[in-house]
């Protein structure tokens, strides 16, 4: 257990007691968070759309999420007659479990995490891409053309966006000199978003695509695929897919807060509160984007990943590497302006260079 | 080694969130690319043309509400124009002005709905839609004041309109005009220059000038292809000759042009309403018409520039109280003719956007 270093010395019981207790607390905490996030998203998007959002169930509609959960859970679970039954059953589980496992290494405050892996961020990058297998299984086993199209898009997108995502993470790792999530936070005397504006942008966009948030929400593009990969799911299996979406959004907000916004660090307030404030701020941006912009097309999404994000991420990595080599004792704060300037120049240059998407195909 | 692939058929509709009703497209896809499109319609067929043959001329007006339920006022007007032509019935001045005001308000309401759902089809998650819906609601409230209905207005009558407008209507309309000019600009700014909207609609689903004319498209779909054809100018019916307004046209005929033309038409409609309000004369709103109209045997064709295109009613009378035959030239159906040519070669996602940009209403397509 030498890599699990965060067990307090006076903790009663052994490793497993600690592990079980903490995992239970985490599970409850995350699920409560999800209910809050779903409520918030519906209210905030309601405000964006000049309507009220849920406000009838309980005070301010706070119980709406619970009412909906009960309603969906009580629905009949239907298995498509010509679907692949075993795969159909397994898919939500395979999508659900990794989405939850990501939270094991999120530092909610100093040392408050289930397992302080010394390869924490690598673990996240590895685990989070397992979910897409569940999505593909769901799309395939439903024996539905809409869900198959959604699943095809899922695979294409996740494979493409993993690379810029990984490269953006790598530049953060270069700055902090560690793969451990907690060490990344403690090394941020200045939040990395200032040193890594371009890295932040790339990470944010690529992660939005990974978790299928707008404007990259092609897998469940309701205007053409109705509901995408989970079109045939109902009842508790649908709930699992629905939860996976919010798990992933929450996980992404947590990772952005940890990697770029200096995690739980902040003056005055307790660390957990700082962390939650940052998480909600990131989630608010996600909601904002979702309620504002139209959706991209599949070829444009792929073009965006390979023509824009990948080269930009490589250049960003190169510049970060140079800066780390030049100032091994820590990058001076003046470089913040230089990095913002580099970001502006790169974005302007790239947006002139290429055209996203292939347009019409002769058939 | 190349992987063997084969095209597959996907059935979009009649129950689908973005086919605007019960329209159905049988798409043959090669991966994501549409290689063939087969439109299927008729799910909402109610036999309206046949129904009219068993009713008196006045009883047909409420049926026309059910044609294009997104713009019933225009349907009413086109029908009563045809009957007035057939039976040579005069219309009082004030009624003519009221008709123009209602029809132009209806055009704004219809275009708000069309643009809102086009942006929704692009994937803008209901936000523009809800904003447009909010403004459409105030137009519906105005109609509610004059005829007590919010969807099927049944306001026009043969030889006029059913009621004069109440006092508060003119006041409310005045306020609405002031507000709407500002809101059209706001909606235009909301997404018109958005990079994602531009790459999703610019150059997508091009309808060439030649094809547009050959498929006898009309309305914003035709004008977006660069043809300056508006029945209000080409064959001024009612009192349209008295108003100053422009006919906006596009250049390429892509989805973006159709979007722009609709936004611009809303501005022009506001201009017309303003002028009509200034010139609105006092007086009667309905001329004396016998309850059972018996036009002399003959035929008449009344057509207007409805929000969706050229809406025409062709009436044949045999001298009895009911028409011998009524044929409706539904613009939405005819605009669909070129759908296949516009969609082929684009992705599935574009098929939805192109369909949204045509602005169909199944009540009119299927009749």
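Since every read-out is calculated from the coordinates, none of them should be taken as a lab result. None of these values were measured; they are calculated from a predicted model. Here the Cβ is made from the backbone with ideal geometry for all residues, glycine too, and neighbour counts use every protein chain on show.
For the reader, a short list of remarks on this structure follows.
- Approximate shape of segment B:81-143 as ellipsoid semi-axes (Cα gyration tensor, √5λ), whole Å, largest first: 34, 13, 6
- Convex hull volume of the protein assembly as shown per residue (C-alpha atoms, cubic angstrom): 202
- Entry note, segment B:7-78: relative contact order of 18 percent, from Cα contacts under 8 Å with a spacing of 6+ residues.
- For the residues A:22, A:241, A:275, a GNM of chain A with alpha-carbon springs under 10 Å puts the largest fluctuation on A:22.
- Cβ neighbours within 10 Å from other chains - mean over B:343-351: 5
- Cα radius of gyration and Dmax for segment A:272-363 (Å): 18.0, 59
- Nearest-ten-degree value, helix B:255-279 long axis tilted from longest Cα axis of chain B: 20
- When each of B:127, B:251, B:201 is scored by the number of other beta-carbon atoms lying within 10 Å, the sequence from fewest to most is B:251, B:127, B:201.
- Taking Cα atoms only, the orientation of helix B:167-191 departs from the longest principal axis of chain B by about 10 degrees.
- Computed over chain A, the per-residue total of -39500 (n - 2.57) for DSSP H runs of n ≥ 4 gives a 222 nm mean residue ellipticity of -21000 deg cm²/dmol, rounded to 500.
- Residue by residue along B:126-132, Cβ atoms of other protein chains within 10 Å of the local Cβ number 4 on average.
- Histogram of C-alpha separations across segment A:17-74, 5 Å bin width, %: 4, 18, 20, 20, 14, 10, 7, 4, 2, 1
- Cβ-to-Cβ counts within 10 Å put B:22, B:221, A:244, B:352 in ascending order as B:22, A:244, B:352, B:221, the fewest first.
- Residues considered: A:261, A:174, A:286. Largest GNM mean-square fluctuation over chain A, using C-alpha springs under 10 Å, is found at A:174.
- Relative contact order %, segment A:78-353, counting alpha carbon pairs below 8 Å whose residues are six or more apart: 25
- Using a Förster distance of 56 Å, the FRET efficiency for residue B:214-residue B:171 (Cβ separation, nearest 0.05): 0.70
- With the convex hull drawn around the C-alpha atoms of chain B, the volume per residue stands at 133 Å³.
- Volume per residue for segment B:168-324 equals 158 cubic angstrom (convex hull of Cα atoms).
- Highest-fluctuation residue, B:214, B:110, B:75 considered, GNM on chain B with Cα pairs under 10 Å: B:214
- Distribution of pairwise C-alpha distances over segment B:246-343, 10 Å bins, in %: 12, 25, 29, 24, 10, 0
- Between 0 and 90°, nearest 10: helix B:72-87 axis offset from chain B longest Cα axis: 50
- From least to most packed, judged by other beta carbons within 10 angstrom and beginning with the fewest, A:288, B:171 follow the order B:171, A:288.
- Directionally averaged shadow of segment A:78-353, computed from the convex hull of its alpha-carbon atoms, nm²: 14.8
- Approximate spin-label separation residue A:163-residue B:149, in nm, with each point projected 7 Å along Cα-to-Cβ: 6.0
- nm² value of the averaged projected area, convex hull over the Cα atoms of segment A:87-130: 3.2
- In this entry, segment B:208-254 is assigned a mean projected area of 3.3 nm², taken as a quarter of its C-alpha convex hull surface.
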